[in-house]
């Protein structure tokens, strides 16, 4: 294998191990063994576990960010629901590693790892603004979108801790939460009200937002 | 001064400095100077900056946790609104230190600091369950309360970054967000529906939850 090919193979093996258990618990010996090479050869490509962890996290970050990409077609609610499905696929595949990273700690909290986590949040934020068709967001819209992204993170982390609520329910619920947080903001601000009306005008009655309205009417009666 | 008295004084001085600027930027020399003692004397009481930072964070955590304590009297909406007022007071007083801590990083992300942050989240969670009169929360209620606490954190962090939205609006909005997230969960689950109805039955029309309903009706019409 060439140098770059070997590096990429090692990153793949490491990502697999760092995803399935807390990175604290994964040793270089184990990575070497899973890759079928010697421990010194691992150090030939990566100076230490942290640099290999950061490279694996880089690949995972790119992959997670790409899951927010979605064609600009059709109603927003259905787009967000597809994004949430791919988001929970990722969380499901990388559970223990995702938890360890997001909960922080000495082994996983370096300035590089923090920058990678922030880059995924920023990519998600840019994608959602683009779905909303907004290029220069007012402060209240920025707050709703960024705080909803953090709500999706905390919901995923709580889900991973025991998986006591079905995934599909949480995916739908997060789309409903987006509508609810936007509605609360719109209840306080006219510009947000106009944005909400514009989005809802394009929603079909049988989409996720229509579903929420139906459920809330049933709840109130 | 006695040993314990001097330690407490140093913690107070350090907390003040760690609150006003990112802890990375605060030196032991500066803390010594602000306390009016020599640098070696600081090291006599604390082995290094990290241990002094952790002691200051311990005090700040106790203080923040205490702000979620509120008499079990009157409607829930008004109680949550008072808690949010005290929460934003704290965030306001400790802005740069709060941001640096919650955004993580090498200087502030140790297992001790993570445990302190978690202890505040847990104290807030226990307080809110107690306000709801629930001792054995179902998984969906735990999700709503814990994810709302994380929403309050992210809202506070976004507010600190430029303070572009009035604080009082965000305090009210977070109480409204609590109602909205509970309503979305109730729209998916009968047990949550029963809890929401029980809480709303005790709410006055002029309380924060009544205010939200009025605003949403105005928005829809």
Being crowded, with 18+ Cβ neighbours inside 10 Å, over 15 Å from the mean Cα position of the chain (by Cα) and modelled with pLDDT of 95 or more narrows B:152, B:186 down to just B:186
*Does residue A:60 count as in contact (Cβ under 8 Å) with a residue 24 or more places away in the chain, within 14 Å of another protein chain (Cβ to nearest Cβ), within 30 Å of residue B:122 (Cβ to Cβ) and surrounded by 18 or more Cβ atoms within 10 Å (Cβ to Cβ)?*
no
Screening A:97, A:104 for residues that are free of Cβ contacts under 8 Å to residues at least 12 places away in the same chain, more than 12 Å from the chain's Cα centre (by Cα) and surrounded by 21 or more Cβ atoms within 10 Å (Cβ to Cβ) leaves only A:104
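Matching residues to (1) buried (at least 17 other Cβ atoms within 10 Å of the Cβ); (2) more than 14 Å from chain B (Cβ to nearest Cβ); (3) under 13 Å from the mean Cα position of the chain (by Cα):
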site	(1), (2), (3)
A:84	yes, no, yes
A:89	no, yes, yes
A:111	no, no, no
A:115	no, no, no
A:125	yes, no, yes
A:129	no, yes, no
A:136	no, no, no
A:146	yes, no, yes
Across segment A:169-216, the tally of residues that are part of a loop (DSSP other than H, G, I, E, B), closer than 16 Å to residue A:134 by Cβ and more than 10 Å from chain B (Cβ to nearest Cβ) stands at 1
Among B:165, B:158, the single one that is more than 30 Å from residue A:218 (Cβ to Cβ), part of a loop (DSSP other than H, G, I, E, B) and facing another protein chain (nearest Cβ under 7 Å) is B:165
When restricted to A:86, A:72, A:59, A:79, the only residue assigned to a loop (DSSP other than H, G, I, E, B) and under 30 Å from residue A:130 (Cα atoms) is A:72
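The values are calculated or read from the model by the stated rules, or taken from the named source; none is laboratory data. These numbers come from a predicted model, not from an experiment. Here Cβ is always computed from backbone atoms with ideal geometry, including for glycine, and neighbour counts include all displayed protein chains.
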